[in-house]
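Enquirer: Before we start, here is the structure in question, set down as structure tokens.
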Amino acid sequence: MTVTQARAQLEAVLMDGGLRVQPAGVASPPSVFVTQGTPWTAPAQLGGRARIARWVIVGIVAPSSEASIAEAEALAEQVDLACAALPNPWGMPTVETPGLLILAGTPYLAFRATIETVI
């Protein structure tokens, strides 16, 4: 699998899970976009020429309020459920605490979910 194929597979599973997937850096709450993780690719511990590819799913909800915290929790759960449908060797996402994200001058509540696979 190539890096491009891994990204396409991840985005397809997110869409199949009922999530609105936007291009990277686009906010249309509630939605997600996929961007490169750090490191983006690295040698896998499996040896040979296997590599890991790391992706970050950014979940975007309305500007911060008590209601948006509940919305972020629901969106994170939806991301987790969608990612459970990924085939091996995909892992499961690690979701970070939501925080303020400003895109095009507009504040949003957002979280980062990191996920990786072997390519």
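Enquirer: At q = 0.10, 0.21, 0.23 Å⁻¹, what is the log10 ratio I(q)/I(0) for the chain, with the Debye formula run over Cα points and no solvent?
Expert: Results for the chain at q = 0.10, 0.21, 0.23 Å⁻¹ read -0.29, -1.12, -1.29.
Enquirer: Right, here's the next one. Report, in whole Å, the centroid distance computed from the Cα atoms of the range 1-57 and the range 85-119.
Expert: So the two Cα centres are separated by 9 Å.
Enquirer: With each run of n ≥ 4 DSSP H residues scored as -39500 (n - 2.57), what mean residue ellipticity at 222 nm is computed for the chain after dividing by its residue count and rounding to the nearest 500 deg cm²/dmol?
Expert: For the chain, the value works out to -9000 deg cm²/dmol.
Enquirer: Can I ask one more? Let me spell out the model: positive unit charges on the Cβ of Lys and Arg, negative unit charges on the Cβ of Asp and Glu, origin at the Cα centre of the chain. What dipole size does that give, in debye rounded to 20?
Expert: The calculation lands at about 560 debye.
Enquirer: Could you tell me which trypsin sites (Lys or Arg not before Pro) in the range 24-86 are loop residues by DSSP with no more than 13 other beta carbons within 10 angstrom of their beta carbon?
Expert: When the trypsin sites (Lys or Arg not before Pro) of the range 24-86 are filtered for loop state and at most 13 Cβ neighbours within 10 Å, 49 remain.
Read-outs throughout are calculated quantities, based only on the coordinates presented, and are distinct from any laboratory measurement. Everything numeric in this text was worked out from a predicted model, so none of it was measured. Neighbour counts run over all protein chains shown; Cβ positions are idealised from the backbone, glycine included.
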